[in-house]
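The values are calculated or read from the model by the stated rules, or taken from the named source; none is laboratory data. Keep in mind the model is a prediction, meaning the values are calculated, not measured. Methodologically, a virtual Cβ is constructed for each residue, glycine included, from the backbone with ideal geometry; neighbour enumeration extends over all protein chains shown. Each accessible area value is taken on the protein alone, full model and side chains, heavy atoms only, with ligands, DNA and RNA left out. Shrake-Rupley method; radii C 1.70, N 1.55, O 1.52, S 1.80 Å.
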Amino acid sequence: MSTTVGDYVLQRLRDWGVEKVFGYAGDGINGLLSAWQKAENQPRFIQARHEEMAAFEAVGYAKFTGRVGVCTATSGPGAIHLLNGLYDAKLDHVPVVAIVGQTARSAMGGSYQQEVDLHTLFKDVAAEYCETVMVAEQLPNVLDRAIRIATARRTVTALIIPSDLQELEYTAPSHAFKMVPSSMDLSWSASVPDPEQLDRAAEILNAGDRVAILVGQGARGAAAEVTELAELTGAGVAKALLGKDVLSDELPWVTGSIGLLGTRPSYELMTDCDTLLVIGSNFPYSQFLPEFGKARAIQIDLDPTMIGMRYPFEVNLVGDAARTLRALIPLVRRKEDRSWRSGIESNVTRWWEVMERRAHTSADPINPELVFHELSARLPSDAILAADSGSAANWYARHVKIRGTMRGSLSGTLATMGPGVPYVIGAKFGLPDRPCYALVGDGAMQMNGINELITIAKYWQEWTDPRLVVAVLHNNDLNQVTWELRAMGGTPSFIESQALPDTSYADFAASIGLGAITVTDPDRLEDAWREALSADRPFVLDVHCDPDVPPIPPHATLEQMTDTAKALIKGDTNRWGVIREGIRTKAQELLSSSDDE
Ligand SMILES: Cc1ncc(C[n+]2csc(CCOP(=O)(O)OP(=O)(O)O)c2C)c(N)n1
Ligand SMILES: [Mg+2]
């Protein structure tokens, strides 16, 4: 039997070590699908409910395993559906390769059925590499490049393969003009800046009295070095959201998340420092960094095209975080005055007390902060967490304490709704032994999460550890946007756009054989988490949450809180009790921070 182009594509993916491809069928990739059949499903084709979900699953797989994610879809509509998931990968710098079909070559350009200009469609998302394979001899080169470029640049690449070509016999490039051979090995070492550049950075760190460090996902793998440098300099360390799992929140000088969803000690760290070191982060909101001119700043980043933005840095070191820090540490003197450090630590202690208090503020029926607070206390130390965009991202950022080998992510830069459930499906296919948790709003569940529960039901029995919990924040509201509207000069929310139809996520989950409970009583929450975490199958916790618990940003003043409350009273709620409670905890927080001053 001859080898077709489809056979060869799968063979080459296997050679690259690709084990899973997340996708959805269609006749634009029939040649690939029949090759899959012949190849006894190697690499494994994982069927999502929607191509966007397949792309998110590839992103989740890539984020949590550190390997390249691969997804596939048919021409036209299938390729179009992939787009949002691919943008999520591109914006969060995750390597994903998309392999899509196209109209047969004989019909291309003929406005044929399902013919879409895929080059133009993918031009932006796969800007680094997007190729249409027109003859067999382009392979393996174009596939190898798609994988190498996605990996090296941590981005999205796309291969478009016309349907007829997939079924033709494969012929390799020959030793001749106009042929491009290829090879697979990929061995490279991470870069370290020159000694003179490291000296410049060390001078700044040694001159400062109050050092702040901000880590992002680029610092993953450099936890030991960040810890050593923080000990030497007496620094506090804040974490950008994609770097939340870089350092344990049990370390007393880790101030947690930064930004609108961040913590008060991170805000104070940045407001009061005189020296800033940013490691592997592209955190965009410079208003949460020190005021310009107030701190001397250094950045370390692997990517010279992304460095130097976001703050007027004095030194920009291009290099791998761990290796650069290892070279920098011997040049840094230990700061003997530890007063800055001890101030940070007491801010952090106080913050966790505030969080505990906020979580236990009464609400109707359940305070969403309590959901995360209870979860955090119970999480296995090897948990994998995915938060969806929405209020869940706030509570994940602030209430979940990372420790052990936990991993956590969300759509950091695109901040799209929808990846929560598919991310953990991707994680389960890469790391099936680890317990996974998706923390998702009811809007995101209605958008697509509920459909992806069907994918979980289809596959869970083959996972070595079936624990996968989807916690739904059931508030019948697009709550994050509702709060944004309310905060906008006191605008009340627009009910027509914000209210969601009520439905039971637990009933749906149970109807497809998953474990499920509905929780409407905060006193039942602890048991509900226990049941979900020890279930013998994936579990949906349908938690009825109070939409009037405000996601208070760390820099909010009492006056702003009160203004928002006034807008609420004018607008769409008569929930004055909850609002008053929110203001009271905020006032307590502000009062307790002024006690020390
Ligand atoms: C695809 C997409 N559409 C719209 C938005 C804007 N948006 C951000 S959060 C949010 C509300 C999410 O509601 P839900 O999932 O119910 O979570 P909640 O905030 O209520 O907990 C919306 C509409 C977005 N980020 N992504
Ligand atoms: Mg909601």
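Name every residue in segment 391-449 that is under 17 Å from LEU370 (Cα atoms) and among the β-branched types (Val, Ile, Thr), in order of residue number.
VAL400, ILE402, VAL440
Just for segment 417-440: of the residues that are within 8 Å of ligand 1 (Cβ to nearest atom) and open to solvent by less than 20 Å² (accessible area, probe 1.4 Å), which one is farthest from ASP382 (Cα to Cα)?
At the first step, the residues of segment 417-440 found to be within 8 Å of ligand 1 (Cβ to nearest atom) are 417-418, 440.
Those left that are additionally open to solvent by less than 20 Å² (accessible area, probe 1.4 Å): 418, 440.
Working: GLY418: 24, VAL440: 20 Å.
Among those residues, the one meeting the criterion is GLY418.
Regarding ASP502, is this residue surrounded by fewer than 17 Cβ atoms within 10 Å (Cβ to Cβ), closer than 22 Å to VAL400 by Cβ and either in contact with a strand residue (DSSP E or B) (Cβ under 7 Å, 6 or more places away or on another chain) or of a type in the set (D, E, K, R) (or both)? Show your work before the answer.
Values: surrounded by fewer than 17 Cβ atoms within 10 Å (Cβ to Cβ): yes; closer than 22 Å to VAL400 by Cβ: no; either in contact with a strand residue (DSSP E or B) (Cβ under 7 Å, 6 or more places away or on another chain) or of a type in the set (D, E, K, R) (or both): yes.
Taking the combined requirement at face value, the residue does not satisfy it.
Scan GLY582, GLY577 and give me the residue that is modelled with pLDDT under 70, small (Gly, Ala, Ser) and within 20 Å of GLY390 (Cβ to Cβ).
Numbers: GLY577 fails: within 20 Å of GLY390 (Cβ to Cβ).
Within the list GLY582, GLY577, the selection yields GLY582.
Scan (1) outside any loop (DSSP other than H, G, I, E, B); (2) modelled with pLDDT under 95 for the single condition GLN197 breaks and write down its number.
Every listed condition holds for GLN197 apart from (2).
Could you look through segment 453-476, keep only residues that are aromatic (Phe, Trp, Tyr) and part of a helix (DSSP H, G or I), and pick out the one that is surrounded by the most Cβ atoms within 10 Å (Cβ to Cβ)? Talk me through it step by step, then tell me what you get.
First, the residues of segment 453-476 that are aromatic (Phe, Trp, Tyr): 459-460, 463.
Those still in the list that are part of a helix (DSSP H, G or I) too: 459-460.
Details: TYR459: 16, TRP460: 18.
Per the stated criteria, the residue is TRP460.
Which fully enclosed strands (runs of 3 or more DSSP E) of segment 238-353 have 3 or more residues being hydrophobic (A, V, I, L, M, F, W, C)?
Numbers: elements: 254-257, 275-279, 296-301, 315-318.
By residue number, 275-279, 296-301, 315-318.
Against the definition (of a type in the set (S, T, N, Q), buried (at least 24 other Cβ atoms within 10 Å of the Cβ) and either within 16 Å of ligand 2 (Cβ to nearest atom) or in contact (Cβ under 8 Å) with a residue 12 or more places away in the chain (or both)), how does ASN479 come out, yes or no? Working first, answer last.
On the way: of a type in the set (S, T, N, Q): yes; buried (at least 24 other Cβ atoms within 10 Å of the Cβ): yes; either within 16 Å of ligand 2 (Cβ to nearest atom) or in contact (Cβ under 8 Å) with a residue 12 or more places away in the chain (or both): yes.
In short, yes.
Identify the residue in segment 225-253 that is within 29 Å of SER411 (Cβ to Cβ) and of a type in the set (D, E, K, R) and, among all such residues, is surrounded by the most Cβ atoms within 10 Å (Cβ to Cβ).
LYS239
Could you tell me which residue of segment 514-536 is nearest to ligand 1 (Cβ to nearest atom), considering only residues that are in a loop (DSSP other than H, G, I, E, B) and open to solvent by less than 30 Å² (accessible area, probe 1.4 Å)? Before the answer, list the steps.
Filtering segment 514-536 for residues in a loop (DSSP other than H, G, I, E, B) gives 514, 520-521, 534-536.
Checking the rest, the ones that are also open to solvent by less than 30 Å² (accessible area, probe 1.4 Å) come to 514, 535.
Values: LEU514: 20, ALA535: 23 Å.
Once the filter is applied, the top-ranked residue is LEU514.
For segment 83-125, name all the residues that are within 27 Å of ARG67 (Cα to Cα), assigned to a loop (DSSP other than H, G, I, E, B) and either without any contact (Cβ under 8 Å) to a residue 40 or more places away in the chain or open to solvent by 50 Å² or more (accessible area, probe 1.4 Å) (or both). Before you say what the answer is, go through the steps one by one.
Just the residues of segment 83-125 that are within 27 Å of ARG67 (Cα to Cα), to begin with: 83-102, 118-119, 121-125.
This time we only want the ones that are assigned to a loop (DSSP other than H, G, I, E, B), so: 92-95, 123-125.
Within segment 83-125, HIS93, LYS123, ASP124 qualify.
With open to solvent by 50 Å² or more (accessible area, probe 1.4 Å), charged (D, E, K, R) and touching a Pro at 6+ places or on another chain (Cβ under 8 Å) as the only criterion, which of GLU345, GLU336, GLU314 stands out?
Details: GLU336 fails: touching a Pro at 6+ places or on another chain (Cβ under 8 Å); GLU314 fails: touching a Pro at 6+ places or on another chain (Cβ under 8 Å).
Among GLU345, GLU336, GLU314, only GLU345 is open to solvent by 50 Å² or more (accessible area, probe 1.4 Å), charged (D, E, K, R) and touching a Pro at 6+ places or on another chain (Cβ under 8 Å).
Among the residues of segment 537-548, how many are open to solvent by 20 Å² or more (accessible area, probe 1.4 Å) and within 16 Å of ligand 1 (Cβ to nearest atom)?
2
Please determine, by comparing only the residues of segment 444-499 that are near ligand 1 (Cβ under 9 Å from one of its atoms) and of a type in the set (S, T, N, Q), which one is farthest from PRO365 (Cα to Cα).
Among them, the one singled out is SER497.
Being of a type outside the set (Phe, Trp, Tyr) and closer than 22 Å to GLU531 by Cβ is the filter; apply it to segment 389-413 and report the residue that is nearest to ligand 2 (Cβ to nearest atom).
Filtering segment 389-413 down to residues of a type outside the set (Phe, Trp, Tyr) leaves 389-394, 397-413.
Add one more test, that the residue is closer than 22 Å to GLU531 by Cβ, and what stays is 392, 399-401, 406.
Values: ALA392: 9, HIS399: 17, VAL400: 19, LYS401: 24, MET406: 25 Å.
Among those that are of a type outside the set (Phe, Trp, Tyr) and closer than 22 Å to GLU531 by Cβ, it is ALA392.
In the list ALA190, ALA176, ALA150, ALA158, which residue meets the criterion of being of a type in the set (Gly, Ala, Ser) and either open to solvent by 60 Å² or more (accessible area, probe 1.4 Å) or farther than 30 Å from THR103 by Cβ (or both)?
Values: ALA176 fails: either open to solvent by 60 Å² or more (accessible area, probe 1.4 Å) or farther than 30 Å from THR103 by Cβ (or both); ALA150 fails: either open to solvent by 60 Å² or more (accessible area, probe 1.4 Å) or farther than 30 Å from THR103 by Cβ (or both); ALA158 fails: either open to solvent by 60 Å² or more (accessible area, probe 1.4 Å) or farther than 30 Å from THR103 by Cβ (or both).
Going through ALA190, ALA176, ALA150, ALA158 in turn, just one is of a type in the set (Gly, Ala, Ser) and either open to solvent by 60 Å² or more (accessible area, probe 1.4 Å) or farther than 30 Å from THR103 by Cβ (or both): ALA190.
Tell me yes or no: at least one residue of segment 484-497 is within 15 Å of ligand 2 (Cβ to nearest atom), within 23 Å of the chain's Cα centre (by Cα), open to solvent by 20 Å² or more (accessible area, probe 1.4 Å) and at pLDDT below 95.
Within segment 484-497, one or more residues are within 15 Å of ligand 2 (Cβ to nearest atom), within 23 Å of the chain's Cα centre (by Cα), open to solvent by 20 Å² or more (accessible area, probe 1.4 Å) and at pLDDT below 95.
Taking segment 17-59, which residues are among the aromatic types (Phe, Trp, Tyr) and buried (at least 21 other Cβ atoms within 10 Å of the Cβ)? Spell out how you get there, then give the answer.
Let us first name the residues in segment 17-59 that are among the aromatic types (Phe, Trp, Tyr), namely 22, 24, 36, 45, 56.
Result: PHE22, TYR24, TRP36, PHE56.
Scan segment 167-194 residue by residue and report those that are without any contact (Cβ under 8 Å) to a residue 12 or more places away in the chain, of a type outside the set (Asp, Glu) and either at negative phi or in contact with a Pro (Cβ under 8 Å, 6 or more places away or on another chain) (or both). Talk me through it step by step, then tell me what you get.
Here is the first cut: in segment 167-194, the residues without any contact (Cβ under 8 Å) to a residue 12 or more places away in the chain are 175-178, 185, 187, 189, 194.
Of the ones still in play, those that are also of a type outside the set (Asp, Glu) are 175-178, 187, 189.
Residues satisfying the conditions are HIS175, ALA176, PHE177, SER187, SER189.
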